[in-house]
Amino acid sequence: MVRTVAVRRAAVRRAVFCRTAVLSALVPLVLAGCANPQGGGTGGAPSSGAGQQQIKGTESAGPGCTRQAYGVAPGELTKLKIGFSQSEKEANPFRITETQSLKDEAAKRGITLETTNAQSQLPKQIADIQSLLSQGVQALVVAPLNSTGLEPALAAARAKGVPVIAIDRALATAAVCKDYLTTIVSDFVDQGKRAGEAMAKATGGNANVAILLGTSGNNVTTERTQGFKDYITSNSPGLKVVAEQTGEFQREKGKTVTEQLIQANPGINAIYAENDEMALGAVVALKAAGKKPGQDVKIVTVDGTREAVQGVANGEIAGVIESNPRFGPIVFDALQRFYTDNPVPQKIIISDHAYDSSNAQQGLQTAY
């Protein structure tokens, strides 16, 4: 009975990793048992079973990174202490779910996990990572606040021979297999393109669009903006971006910025919010201004939080592109591969769903 349960758990973990990984060009099958996934695509309604999504195509060239190439001492994962540096205040569902996913998976595997939270302050995140290193962690998982600025912390990890996995944001100035082992992220450009497609569908391809930008200095904002603009330029030129301003991925800032933008640009009838928190702030601002979200102003957003998906079901939000925060199984599968001397892809893309009026009610079961 015990063996059967263990086998089932291993199969589930393998299935989760298989349907989310992007394989390095020179590592055509780094994940044992991932051949012949069933189903397809990353859009549409959420899938509930293993093997429902295909592995996406190559995302990074070059060989995968190994323990020997990284210069890390051998170790057995369950006997190591792992550190996790969370970047932002856990005031939104993405961060809450992300941290909990790592905690839950560590507990399931009997792994010691030490966690910190930088409270959205870069100096604190550097200090947090250095503190984790001083506590003797032997591997680090880092959700970077910004794509740059963590160089002192990464150098400290490198000096101690501690491998680093970056999740949800890229490290722009760091070297793979030297400063960090791999990056596990969503395809943010693709998210932006899918948001553009959803906006074109919601508006009939003609609208004056305001963009609520995420925080400056990280690749998520840059790439979600790029993808959206690329899509509408090539496919829906009737969508005109008439204003854009950062809401810093925060609900209150999203509300304030929306108030300012619709006052300065009364013709705005569509909003692309680069995360759900800003979108939900925009809904409040529009209602306060006497406008009907979903009717007078179409909103498309990115994240997949339960509150935003409920907004789609209610008709106030036109579409939500998911950004999957459930990194736990993928992170620990990657570390397991690393410590069993198997190559880890230089970049792993986690699959994301999408929600619209056709699947939002059902999607509330799996939204976070």
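Laboratory data are not the source of any read-out in this text; all were calculated from the coordinates shown. Treat the numbers as computed from the prediction; the structure is a model and nothing was measured. Glycine also receives a Cβ, built like all others from the backbone with ideal geometry; neighbour counts cover every protein chain displayed.
Structure notes:
- Ranking Y339, N324, V312 by Cα position along the charge dipole of region 289-342, where only Lys, Arg, Asp and Glu carry charges on their C-beta atoms, puts V312 farthest toward the positive end.
- Rounded, prolate or oblate (a/c below 1.5 giving rounded, otherwise prolate when a/b exceeds b/c) for region 262-368 by Cα gyration tensor: prolate
- Computed about its Cα centre, the charge dipole of region 188-323 is approximately 380 debye, with only Lys, Arg, Asp and Glu carrying charge at their Cβ.
- Cα gyration tensor, region 188-323 - rounded (a/c under 1.5), prolate or oblate: rounded
- Proximity of backbone amide H atoms, modeled 1.01 Å from N, is registered between S87 and A118, A143 at under 5 Å, excluding neighbours fewer than 5 places apart on the same chain.
- N206 versus T115: modelled label distance in nm, points set 7 Å from Cα along the beta carbon direction: 5.0
- Nearby lysines by direct alpha-carbon distance to K347 (threshold 30 angstrom, same-chain neighbours under 8 apart not counted): K56, K79, K81, K89, K103, K108, K124, K160, K178, K193, K229
- In this label model, S131 and Q226 are separated by 3.4 nm, measuring between points 7 Å along each Cα→Cβ vector.
- 3J(HN,Hα) from dihedral phi, region 341-352, Karplus parametrisation 6.51/-1.76/1.60, rounded to Hz, x for glycine, proline: 6, 10, x, 10, x, 5, 8, 10, 9, 8, 6, 10
- Here the peptides 308-321, 79-92 are ranked by packing, the mean other Cβ count within 10 Å, and the order with the highest first is 308-321, 79-92.
- Near the amide H of E322, within less than 5 Å, lie the amide hydrogens of D303, H353, A354, Y355, all on another chain or at least 5 residues away, with H placed in the peptide plane.
- Taking a point 7 Å out from the Cα of K79 in the direction of its Cβ, the residues of region 97-115 whose backbone N falls within less than 15 Å of it are 111-112.
- Backbone geometry of region 305-315 corresponds, through the Karplus equation with coefficients 6.51, -1.76 and 1.60 at θ = phi - 60°, to 3J(HN,Hα) couplings of 6, 4, 5, 6, 5, 4, x, 5, 4, 7, x Hz, x marking Gly and Pro.
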